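Just below is one structure, and these are the notes that go with it.
Laboratory data are not the source of any read-out in this text; all were calculated from the coordinates shown. Just so we're clear, the structure is a prediction, and the values are computed from it rather than from any experiment. Glycine also receives a Cβ, built like all others from the backbone with ideal geometry; neighbour counts cover every protein chain displayed.
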Amino acid sequence: MKSYLIAGNWKSNKTRSEAKDWLREFKIQQSTRINTDSSTVILCAPYTLLCFLNDEIRKRSFSLMLGAQDVSPYDNGAYTGAVNAKQIKEFAEWVIIGHSERRKFFGESDTVLFQKVEQAKVAGLRIIYCVSDEHTAIPDVDVVAYEPVWAIGTGKADTPENANTVIAAIKRKTQIQTVIYGGSVKLDNAASYLFQPDIDGVLLGGASLDAHAFAALLELIH
Ligand code: PGA
């Protein structure tokens, strides 16, 4: 059976009490349904929630892993406002690097992103590296997410067939084995991506904010 990776990216959303509500609802929905042999489920939350979520996941045995949405390109030191990879590793296993919103709104270049990848690797974080097409520079990472910029948060997803073609090209180019699709994936179209031969999972933005929708989507790979 194919092994899937499903990641939710909360972006700059949710306070602690909202995260608590999300977990409560998720717990009711998913109970024991996630098959962790056949899937990896990662929740990428704001830094401010990682400690709280880590505690809750451990206490209540959720089948969820945690990720950050960004990491400092530097080690610890005098870098005001930055959160470094070692700090993230205390609470999370994963980190997203190179999301198109980081590239667009924070001006992150390939050079900075490659520095982040190095920092994350040294700290032992696993990396989901986002690219908008197969021509983007891709470092050696655990997972690549193909996310066309025009599909993110727009409701206009790439077709499953084209996403599969791009993902197959990324796999040929990089030898990276796990490549997922992101960009306007919702409960009603997720299965069409997961059934493509080269697509190993999905990265969800908006659809991950609602625990009900997120849990329902996980049932597709149950
Ligand atoms: P979206 O976001 O699912 O809301 O389109 C995807 C992403 O930004 O990773």
Task: Test for Thr111: is it assigned to a helix (DSSP H, G or I), farther than 25 Å from Asn54 by Cα, of a type in the set (Ser, Thr, Tyr) and without any contact (Cβ under 8 Å) to a residue 60 or more places away in the chain - done: yes
Task: Positions within region 1-32 being outside any loop (DSSP other than H, G, I, E, B) and among the aromatic types (Phe, Trp, Tyr), in sequence order - done: Tyr4, Trp22, Phe26
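Quick one: which of Leu50, Leu5, Leu64 is of a type outside the set (Asp, Glu) and within 16 Å of the ligand (Cβ to nearest atom)?
Numbers: Leu50 fails: within 16 Å of the ligand (Cβ to nearest atom); Leu64 fails: within 16 Å of the ligand (Cβ to nearest atom).
From the options Leu50, Leu5, Leu64, the qualifying one is Leu5.
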- [ ] Please enumerate the residues belonging to region 116-130 that are within 20 Å of Tyr79 (Cα to Cα), surrounded by 17 or more Cβ atoms within 10 Å (Cβ to Cβ) and either within 16 Å of the ligand (Cβ to nearest atom) or not hydrophobic (A, V, I, L, M, F, W, C) (or both).
- [x] Lys116, Gln119
- [ ] Starting from region 174-190, take each residue that is in contact (Cβ under 8 Å) with a residue 60 or more places away in the chain and list its partners that are more than 8 Å from the ligand (Cβ to nearest atom) and assigned to a strand (DSSP E or B), counting only C-beta distances under 6 angstrom and pairs at least six apart or across chains.
- [x] Thr178/Leu5; Thr178/Val143; Ile180/Leu5; Ile180/Gly201; Ile180/Val202
Task: Test for Lys186: is it under 30 Å from Arg24 (Cβ atoms) and charged (D, E, K, R) - done: yes
Task: Residue ranges of helices (runs of 4 or more DSSP H) in region 136-222 with at least 3 members away from the ligand (no atom under 11 Å from the Cβ), charged (D, E, K, R) and surrounded by fewer than 20 Cβ atoms within 10 Å (Cβ to Cβ) - done: 160-174
Open item on the list: Checking the conditions here, which among Ile57, Ile88 is out of contact with any strand residue (DSSP E or B) (no Cβ under 6 Å at 6 or more places or on another chain) and closer than 27 Å to Leu218 by Cα?
Closed with: Ile57
Open item on the list: Against the condition acidic (Asp, Glu) and within 17 Å of the chain's Cα centre (by Cα), how does Asp158 come out, does it pass?
Closed with: no
